[in-house]
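Everything below concerns the one structure shown next.
What follows is calculated from the coordinates using simple rules that are stated; it is not laboratory data. In this text the structure is predicted, and so the values were computed from the model without any measurement. Neighbour counts run over all protein chains shown; Cβ positions are idealised from the backbone, glycine included.
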């Protein structure tokens, strides 16, 4: 199983992102530990039966909170193993790929669990204390999420030069899939970013060469997990009856745009989705038009209090 390190080097040569390489390494370490528990320490000793048992293990696995792994997670972890052995075969380090033609768990179609309304968002925006540097920063962060729909790691990676104040654009450098893109950003978000830069950022004591836009309390780049925890706390403090973290702003951004009539192709471009099917999930959440048609045509909606239908 020591060959996993060479496989990760291969991914680096192919210019995969550091985040992807870290994730694949984590999945392969888990598979190695699983095999080790069964006394298997060499890649050549991994059989199809071992892989099938591992697939069953992933299906039955329960996290510390008692929940099962999602179908998507199971698929990713199995694909990591299959890709690793496929590379080993090409390198003539093993005779065959025991995970080839593996029947993956059937995909599920799941909608976002919750979406904020515009009024929900305004309540959340009022939570950060704008009299404190971290409060101004938090408000600027929330406004950026809401205005652009960017991913959590994309926000953490923003630099000072990535905001085009004149054109109202945000430059996302090497987002998911190592792709650059520009995203429109509204004037309200821009004003809060300016307020953060003028009144708060210097109080977080950044180093003289620090170019990261949003800083933590010791003046360096915010960590994605810490940012997620902070946003979750703010949402909970708003007491709107919904929970979530950074990604729910992405869901909200897409859904509200579609409900206002924005073409799904433009939403796809702003979200940075390479596949339209990924964006299309939000068309199922943005149901205002369907509700209007339901109200207009459903017989029960047309009946008066006595049960008589208008002619």
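What FRET efficiency would be calculated for the residue pair residue 281, residue 239, taking the C-beta separation as r and a Förster radius of 35 Å, to the nearest 0.05?
Once the sixth-power term is evaluated, E becomes 0.80.
Relative to the longest principal Cα axis of the chain, at what angle does helix 224-238 sit, 0 to 90 degrees, rounded to 10?
Taking the Cα atoms of the chain, the angle to 224-238 is about 40 degrees.
Considering Cα pairs under 8 angstrom that are at least six residues apart, work out the relative contact order of region 4-90 and quote it in whole percent.
29 percent
If each of residue 22 and residue 47 carries a label point 7 Å out from its Cα toward its Cβ, how far apart are those two points in nm?
3.8 nm
For the pair residue 199/residue 298, report the inter-label distance in nm, with labels modelled 7 Å from Cα in the Cβ direction.
With each label point 7 Å from Cα toward Cβ, the separation is 4.6 nm.
Could the peptides 90-98, 71-79 be put in order, highest first, of the mean number of other beta-carbon atoms found within 10 Å of their residues?
71-79, 90-98
Rounded to the nearest 10 degrees, what's the angle between the helix 276-285 long axis and the longest principal axis of the chain, both from Cα atoms, 0 to 90?
Between helix and principal axis, roughly 50 degrees.
Residue 274 to residue 134: FRET efficiency via 1/(1 + (r/R0)^6), r the Cβ-Cβ distance, R0 35 Å, to the nearest 0.05?
0.50
Kindly identify the chain as rounded, prolate or oblate by the Cα gyration tensor criterion: order the square roots of the eigenvalues as a ≥ b ≥ c, call it rounded if a/c is under 1.5, otherwise compare a/b with b/c, prolate if a/b is larger, else oblate.
Oblate, since a/c reaches 1.5 and b/c is not below a/b.
Please work out the C-alpha center-to-center distance from region 1-53 to region 180-250 and express it in whole Å.
Rounded to whole Å, the Cα centres lie 35 Å apart.
What does the C-alpha gyration tensor say about the overall shape of region 1-83? Classify as rounded when a/c is under 1.5, otherwise prolate if a/b is larger than b/c, or oblate.
Cα axes put region 1-83 in the oblate bin.
Could you pull out which residues in region 45-85 have an amide N less than 14 Å from a spot 7 Å beyond the Cα of residue 95, following the Cα-Cβ vector?
45-48
Angle between the Cα long axis of helix 4-13 and the longest principal axis of the chain, 0 to 90 degrees, nearest 10?
50 degrees
Rounded to the nearest 0.05, what FRET efficiency is calculated for residue 182 and residue 153 with R0 set to 22 Å and r the Cβ-Cβ distance?
In this case the efficiency is close to 0.80.
Helix-derived [θ] at 222 nm for the chain: sum -39500 (n - 2.57) over DSSP H runs of at least 4, divide by residue count, nearest 500?
Theoretical 222 nm ellipticity from helices: -16000 deg cm²/dmol.
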